[in-house]
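Take a look at the structure set out below.
We did not get these values from a lab; they are worked out from the coordinates using the rules stated. It should be emphasised that the depicted structure is a prediction, and the values quoted were computed from it without experimental measurement. Positions of Cβ are backbone-derived with ideal geometry, glycine not excepted, and every protein chain shown enters the neighbour counts.
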Amino acid sequence: MLSALLFDVDGTLADTERDGHRPAFNAAFMEFGLGWEWDPDLYGALLAVTGGKERIRFHAERIGTSLPDDLVVELHAAKTRHYTRMLAEGGIPLRPGVRRLLEEARAAGVVLAIATTTTPENVTALLRHSLAPDGPEWFALIAAGDVVPAKKPAPDIYRWALERLGLRPGECLALEDSHNGLRASLGAGIPTVITVNGYTRDDDFTGALAVLTDLGEPGAPYRRLDGEGSGVVDLATLRSWHGR
Ligand code: XBP
Ligand code: MG
C-alpha cells in the first residue's frame, strides 16, 4: 500500500545545482573576497560531498587552507541569502511532471513529504516561488538540513521523516536524483524512483525501482534508462512499480 511520497529537492524537484546553488556559492565567495570560483565541472565533482557547509570545508581542505568554523557558517549564510534571492526572482522552474504529480497525489490524499540535505529556507523558498504561494503547506513534513547530523548518503534524514510521519518504509516511495540520495533512501528501506539530471546521469542506481530521464509530461514522455519504456509518471505508475 502506497501512502506517502517523499521527495528529494535538489536535482529532483528542480535542477537547482548548476545554475542555482553553484552561482550562489560563487557570489558568497566573492562577497567574502576569497577569490574562489566553482566552475560547472569542479562543482560536479564537489557534489560528492552533500551539504553546503560540508562542501565548503572539503574544498578548503583540498586546496590546503582551513577556514574557522564561524567563517564557514557566515559564508554559508551569505550563500543561502543569494540562493533564496535567486528563487524569489523566479529563477528556477520545477522539473517536468513534478507539479502534475504533486497535484494528483494531493488530490488523492497521498501524504507528501520532503527529505533533503539542503537548508530549510531553500526548500520553502523553492516551494513558494516555483510551486505555489502555499507550496510548503502541501507537505505534511519538510525534513531538511541539519536536523540530523549525518547527511545523505546516511539514511538518517529518511529515518527521521518516517518516524515523524508515523509510517513504515514499505508504505512510502522516495523520489531521488543521485547515488548519494538513493543510498540514503534505500538505507532507510524505502523503494525509490530516480529521475536523473546532467550531473547524475552516470551515477550507480543499483536497487532503484526505475531510472528515468524525468517524470514526463503529456507530449514529452520520460524515457526509462534502466530498460525499455516511456510515458508519464502518475500515481498509477508509481503504485505498479511499488507493488513489485
Ligand atoms: C543537496 C545538497 C545540498 C545543496 C546545497 O543534496 O547536497 O548541499 O547542494 O544546499 P540532496 P545547502 O539533493 O541529496 O538533498 O548549501 O543548503 O547545504
Ligand atoms: Mg538530490
Extension length gain for Arg244 and Ala140 (0.36 nm per residue less Cα distance), in nm, is 34.8 nm
Given all pairs of distinct Cα atoms, the chain yields a Kirkwood Rh in Å of 18.3
Contact order relative to length for region 17-88, counting C-alpha pairs under 8 Å separated by 6 or more residues, stands in percent at 41
Here the alpha-carbon Rg of region 17-88 over 2.2 N^0.38 Å rounds to 1.00
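May I ask what percent, to the nearest 5, of DSSP beta bridges between residues of the chain are antiparallel?
Roughly 20 percent of the DSSP beta bridges within the chain come out antiparallel.
Given R₀ = 30 Å, FRET efficiency for Arg62-Thr206 by Cβ-Cβ distance, to 0.05?
0.60
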In units of 2.2 N^0.38 Å, the Cα radius of gyration of region 99-173 is 1.11
Here region 185-244 gives, from Cα atoms, an Rg and Dmax in Å of 11.5, 35
The distance between the Cα centres of region 55-90 and region 139-161, in whole Å, is 20
Checking region 197-237 for trypsin sites (Lys or Arg not before Pro) in a loop per DSSP with at most 16 other beta-carbon atoms within 10 Å yields Arg201
Fewest to most Cβ atoms within 10 Å: Asp177, Asp226, Asp214, Asp234 sort as Asp226, Asp234, Asp214, Asp177
Expected sort for Met86, Met1, Met30 with the fewest Cβ neighbours (10 Å cutoff) up front is Met1, Met30, Met86
Here P(r) for region 1-143, Cα-Cα distances in 5 Å bins, as whole percents, is 2, 9, 19, 22, 17, 12, 9, 6, 3, 1, 0
For the chain, the dipole about the Cα centre with charges only on Cβ (Lys and Arg +1, Asp and Glu -1), to the nearest 20 debye, works out at 420
Rounded to a whole number, the Stokes-Einstein D of region 109-225 in µm²/s (Kirkwood radius over Cα pairs; 10 °C; 1.306 mPa s) is 107
The chain, Gaussian network, Cα under 10 Å: of Ser178, Ser66, Ser230, the residue fluctuating most is Ser66
Within the chain, excluding any GluC sites (Glu not before Pro) found in a DSSP loop (not H, G, I, E or B) and having at most 10 other Cβ atoms within 10 Å, the longest uninterrupted segment runs 90-227
Which of Tyr83, Tyr158, Tyr222 fluctuates most in a GNM of the chain (C-alpha springs under 10 Å)? That residue is Tyr222
Length gained if Ala88 through Glu54 is fully extended, taking 0.36 nm per residue and subtracting the Cα-Cα distance, is 9.7 nm
